[in-house]
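Input: a single structure, listed below in structure tokens.
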Amino acid sequence: MPRKALDRQMDKIRRDILEMSELVSSAVSKAMTALENEDKKLANEVIIGDDLIDNYYTHIKRRSIQTIALQQPVAKDLRFISISLDVAYNIERIGDYARDIAETLEYMNKGYFMLDEISEMGKIAAQMSKDATDAFVNGDISKIDGIRKREDRVDELYGSIFPILKNIIKDKCEKCPNALNLILIAKFIERIADHSINIANRAMYEISGEEKYL
């Protein structure tokens, strides 16, 4: 197959992954904004928008598999296309967690309390997912260290919320349902950060070829 044909397909995969990532980062931010403002309309936008993210994932899988089957790429080209499947999966899962956060709003009591720690986690995780995808698509490892440091901050915040919520539940039992929902939301955000790290590791593998990043 002509080199130009393979390059066109790979460029389309890069474009689709970037567009999918932008949708997902926006979904995480919108889900957190909806949670902070008790905005069920915005939450519903996130829930509905997850279908488009899933469609991107299906499209990227199809294009990647067809490119491998029809154009038989080798070496670094094959590695990029194969890893693109993993990256697209991680992005899709981040979208699922954004939807989960938005859906949780339906189970929160009106006038519920919110924790600044969870808001900060959400902001960090949204940026992590975007930076990790940019690093993969553009072959830019300069962002990787920052992504790892932000994961440490997410983990720190995640660990800090449990004593806070434990005391709230202990002192005000009527807030227990909302506190439990916030624990779920914090877990969803922590998983978003984990998937972002997975993408960053795939970026390192695609660039270096070192299997320790798998």
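Of note:
- Within the option set Ala69, Ala75, being on the phi > 0 side of the Ramachandran plot, small (Gly, Ala, Ser) and without any contact (Cβ under 8 Å) to a residue 24 or more places away in the chain holds for one residue only, Ala75.
Here's the yes/no breakdown for (1) within 18 Å of the chain's Cα centre (by Cα); (2) part of a loop (DSSP other than H, G, I, E, B); (3) not basic (Lys, Arg):
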{"site": "Ile168", "(1), (2), (3)": "no, no, yes"}
{"site": "Lys175", "(1), (2), (3)": "no, no, no"}
{"site": "Leu180", "(1), (2), (3)": "no, no, yes"}
{"site": "Ile183", "(1), (2), (3)": "no, no, yes"}
{"site": "Ala186", "(1), (2), (3)": "yes, no, yes"}
{"site": "Ile192", "(1), (2), (3)": "yes, no, yes"}
{"site": "Asn198", "(1), (2), (3)": "yes, no, yes"}
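- Matching entry among Asn55, Asn44 (being more than 20 Å from Val137 (Cβ to Cβ) and in a helix (DSSP H, G or I)): Asn44
- Residue match in the stretch 130-138 (condition: in contact (Cβ under 8 Å) with a residue 40 or more places away in the chain, in contact with a helix residue (DSSP H, G or I) (Cβ under 8 Å, 6 or more places away or on another chain), surrounded by fewer than 15 Cβ atoms within 10 Å (Cβ to Cβ) and of a type in the set (A, V, I, L, M, F, W, C)): no
- Odd one out for Glu211, checked against (1) over 24 Å from Ser21 (Cα atoms); (2) touching an Asp or Glu at 6+ places or on another chain (Cβ under 7 Å); (3) of a type outside the set (Phe, Trp, Tyr): (2)
- Qualifying residue in the stretch 47-63 (condition: modelled with pLDDT of 95 or more, among the aliphatic types (A, V, I, L, M) and more than 16 Å from the chain's Cα centre (by Cα)): yes
- Residue within the stretch 115-126 that is among the polar types (S, T, N, Q) and touching a residue at least 12 places away in the same chain (Cβ under 8 Å) present: yes
- Count of the stretch 3-40 residues, restricted to those that are touching a helix residue (DSSP H, G or I) at 6+ places or on another chain (Cβ under 8 Å) and over 21 Å from Met121 (Cα atoms), is 12.
- Filtered residue count, the stretch 10-46, keeping only those that are crowded, with 20+ Cβ neighbours inside 10 Å and either among the acidic types (Asp, Glu) or at pLDDT below 95 (or both): 0
- Selection status of Ile81, touching a Ser or Thr at 6+ places or on another chain (Cβ under 7 Å), more than 21 Å from Leu52 (Cα to Cα), of a type in the set (A, V, I, L, M) and part of a helix (DSSP H, G or I): yes
- Selection count, the stretch 155-177, where residues are modelled with pLDDT of 90 or more, surrounded by 13 or more Cβ atoms within 10 Å (Cβ to Cβ) and not aliphatic (A, V, I, L, M): 3
- Counting residues in the stretch 203-214 that are among the charged types (D, E, K, R), free of Cβ contacts under 8 Å to residues at least 60 places away in the same chain and closer than 23 Å to Asp116 by Cβ gives zero.
The values are calculated or read from the model by the stated rules, or taken from the named source; none is laboratory data. None of these values were measured; they are calculated from a predicted model. Virtual Cβ from ideal backbone geometry, glycine too; neighbours counted across all protein chains shown.
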